[in-house]
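The values are calculated or read from the model by the stated rules, or taken from the named source; none is laboratory data. Being a predicted model, the structure only gives us computed values, none of them experimental. No Cβ is skipped: glycine too gets one built from the backbone with ideal geometry, and neighbour counts run over all protein chains shown.
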Amino acid sequence: MKILYVEQSERQFDHFKRNINANSKFKSNLKVFTTLLLANFILSPEQVNAEEMVESIVVTATRKAESILSVPIAIDTLSAGKIESFDVDTTNDLSSYFPGVEIRAVSSSEQAKAWIRGSGSIDFASNTNPTVGVYIDDVYLPNTFQHTAPIFDLERIEVLKGPQGTRYGRNVTGGLIKYVTAKPEDTFSGYFDLGVGSFNEIKSAGAITGPISETTNFRFAYKYVNDDGWASSRASEPKGDGFPGTLKNNSLNAENLLATRLLLDWNPSTLFNYELMIHSMRRRADGGTFQYVGIVDPVTYEPTCDPRSRIDCIDYLGYRDSDGVGERGDTSAGDHDFFGDANSDSYGLYGKLNYDFPAFSVKHIIAFDRFKRDSQYDADGGAYMLSNNYYKSNFKTASSEFQITSNAQDEFDWDLGLYISSDELSADNKY
């Protein structure tokens, strides 16, 4: 925050303060009064522009670049520097930095559901329509499994709170989350990050940008993650302690991910601009592990055993988690009967045309996305095959959007828009 100081006569201020001290009637109020007076000497509202006192933040909440102070919307932002310093890695991390925003992982790391001001949905089906929209630049991501894409090489994150249907259309009753990617630059630059962690984790991210020609710039960015997983099967025998199918001493919840993004920015004139983005993501991971919870009394075989207060609860086949549940339980270990998978692939292409006329600007956005998922889970968390779930889905989407926005800097602004989209989903789920 920038603060402008106004010089005042220190001698005049001291003389005024002595006059106040001479009157005992005001002694009890002296501290408050002089503090307020000092504030008036330091800050002069008539001479300080409010926008100059706050670091300039430009957002696109109204579909055009504006100062955040001019936007009549409840909006929070996170800059590129804050994203890096806070180590914002996935959508799940946003809850810690945006008030009123909650992210619920309803299907392991594959799917994240956003809630804004209490508006959201926990339905984990592939065809779920959310009440909080997620955008990459100006492109809407309709499938909630796309919302867990890794966060990397961003200019900022914007969160718009409250209904945004007038400008953004579908599925934004609660608000929206917008990821604004870092743009190509006309000089060569780049960065490279590498990190290691527990469970043999390796993380790497980087970007390079620069000119291809006098009118075209590029930017390529990537993110790579690989780890062995934080969970394990504790069975001591190849088939477990007498339980069929139990895996022995295997790591679970491992992940291997590679995401890439290529951006091209063509500027043949000061009035015309075309942006092209090509992105891809490949994730190979273990299916999420579940903590087993038994509810059957081992004596009566009635479902009356409370696992929160007892450690001897079993299921109807006689299995009991040896370390219990709740605070007594070890959620990183269990007797699992098979390896789960959480595999997904996505790729897409976005194009955006901008043309500026004297009185208005025209924008055309076209997008194609493909997302494939193949997953299976040991849903019961125990040694028997009581509930093993399989999910397979293939999602395609295409959209086209026209925007016409006024350029006049007066009291009356106007926007016109047309949005067309087509979604196709095929799913095969087994329980």
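Observations on the model:
- Residue match in segment 320-342 (condition: surrounded by 14 or more Cβ atoms within 10 Å (Cβ to Cβ) and farther than 30 Å from GLY197 by Cα): yes
- Hey, GLU201 surrounded by 13 or more Cβ atoms within 10 Å (Cβ to Cβ), over 24 Å from the mean Cα position of the chain (by Cα) and of a type in the set (D, E, K, R) or not: no
Okay, residues lined up against (1) farther than 30 Å from ALA342 by Cα; (2) in contact with a strand residue (DSSP E or B) (Cβ under 9 Å, 6 or more places away or on another chain); (3) surrounded by 20 or more Cβ atoms within 10 Å (Cβ to Cβ):
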{"site": "LEU252", "(1), (2), (3)": "no, yes, yes"}
{"site": "GLU275", "(1), (2), (3)": "yes, yes, yes"}
{"site": "VAL293", "(1), (2), (3)": "no, no, no"}
{"site": "GLU302", "(1), (2), (3)": "yes, yes, no"}
{"site": "TYR316", "(1), (2), (3)": "no, yes, no"}
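- Some residue of segment 68-82 being in contact with a Phe, Trp or Tyr (Cβ under 9 Å, 6 or more places away or on another chain) and not in a strand (DSSP E or B): yes
- Yes/no for PHE192 being part of a helix (DSSP H, G or I) and among the aromatic types (Phe, Trp, Tyr): no
- For segment 319-331, the criterion of being in contact (Cβ under 8 Å) with a residue 40 or more places away in the chain, of a type in the set (Gly, Ala, Ser) and at positive phi is met by none of the residues.
- Which listed residue, of ILE151, ILE177, ILE157, is buried (at least 17 other Cβ atoms within 10 Å of the Cβ) and not in a strand (DSSP E or B): ILE151
- Residue within segment 103-112 that is within 28 Å of SER67 (Cα to Cα) and outside the structural domain of ASP415 (by TED's automatic domain parsing) present: yes
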